[in-house]
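Novice: Quick one: this structure, given as structure tokens, is what I'll be asking you about.
The values are calculated or read from the model by the stated rules, or taken from the named source; none is laboratory data. Given the structure is predicted, the values throughout are model-derived calculations rather than measurements. Here the Cβ is made from the backbone with ideal geometry for all residues, glycine too, and neighbour counts use every protein chain on show.
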Amino acid sequence: MFNDRKTPVKAMPAMSTEGASAKPMSITLLTVVGEHARMEGKFDITDSIQVECEVGGELNVGGKLVIGEKGVVNANVQTVDAIIMGHYEGNMVATGNVEIAETGRVSGNIQTDSLVISKGGFFNGNITKMNETPSLQVVANDEKRANPQFAAR
């Protein structure tokens with residue numbers, strides 16, 4: 001299940017550069033690094049996480065989920081915010097904002113109040129606005145953008 005290479009997992013507090021000295025902020029970003037690493041299971045993360053490897057299963061994130069350019073996530077996700085720069089496949093519920101970057105590729109269903117698809121980003125699936133019934137299907141790529149309700153950059 002895991003590669004023979006050791007994958008470091010670090011939790012480092014974000015630093016504030018305001019003022020004369022750097023002060024730790026209350027947001028902690030856990031980073032899972034190792035492009036050859038693969039993890040599968042149910043993950044409950046109270047803070048934010050950045051994924052730069054392959055993750056499968058189920059993710060419950062109490063903060064922001066960042067899928068880096070080398071990240072591949074095949075999971076059902078519940079999070080506050082998400083930034084997708086890599087590949088994501090599954091069902092996502094995000095109580096905050098979801099952003100699909102220009103390098104991001106998403107296949108699946110997203111339930112959120114705010115979705116931004118950058119130029120070059122790809123989305124194939126259904127979008128449901130929070131607290132509403134499913135009624136919108138979007139296929140977005142460079143040639144075709146849909147739904148003026150969601151902003152595209």
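Novice: For segment 56-109, give me each residue that is charged (D, E, K, R) and touching an Asp or Glu at 6+ places or on another chain (Cβ under 7 Å).
Specialist: Those that are charged (D, E, K, R) and touching an Asp or Glu at 6+ places or on another chain (Cβ under 7 Å): Lys64, Lys70.
Every residue, every condition in (1) in contact with a Phe, Trp or Tyr (Cβ under 7 Å, 6 or more places away or on another chain); (2) modelled with pLDDT of 95 or more; (3) under 20 Å from Gly121 (Cβ atoms), yes or no:
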{"site": "His36", "(1), (2), (3)": "no, no, no"}
{"site": "Met39", "(1), (2), (3)": "no, no, no"}
{"site": "Ile49", "(1), (2), (3)": "no, no, no"}
{"site": "Cys53", "(1), (2), (3)": "no, no, no"}
{"site": "Val61", "(1), (2), (3)": "no, yes, no"}
{"site": "Thr79", "(1), (2), (3)": "no, yes, yes"}
{"site": "Tyr88", "(1), (2), (3)": "no, yes, yes"}
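Novice: Related question: Filter segment 66-75 down to residues that are surrounded by 16 or more Cβ atoms within 10 Å (Cβ to Cβ), part of a strand (DSSP E or B) and more than 8 Å from the chain's Cα centre (by Cα), then give me how many there are.
Specialist: Final tally of qualifying residues: 3.
Novice: Do you know which of the residues in segment 84-98 that are in a strand (DSSP E or B) and crowded, with 19+ Cβ neighbours inside 10 Å is nearest to the chain's Cα centre (by Cα)?
Specialist: Ile84
Novice: So in segment 114-133, with the set limited to residues that are at pLDDT below 95 and loosely packed, with under 14 Cβ neighbours inside 10 Å, which one is nearest to the chain's Cα centre (by Cα)?
Specialist: Met130
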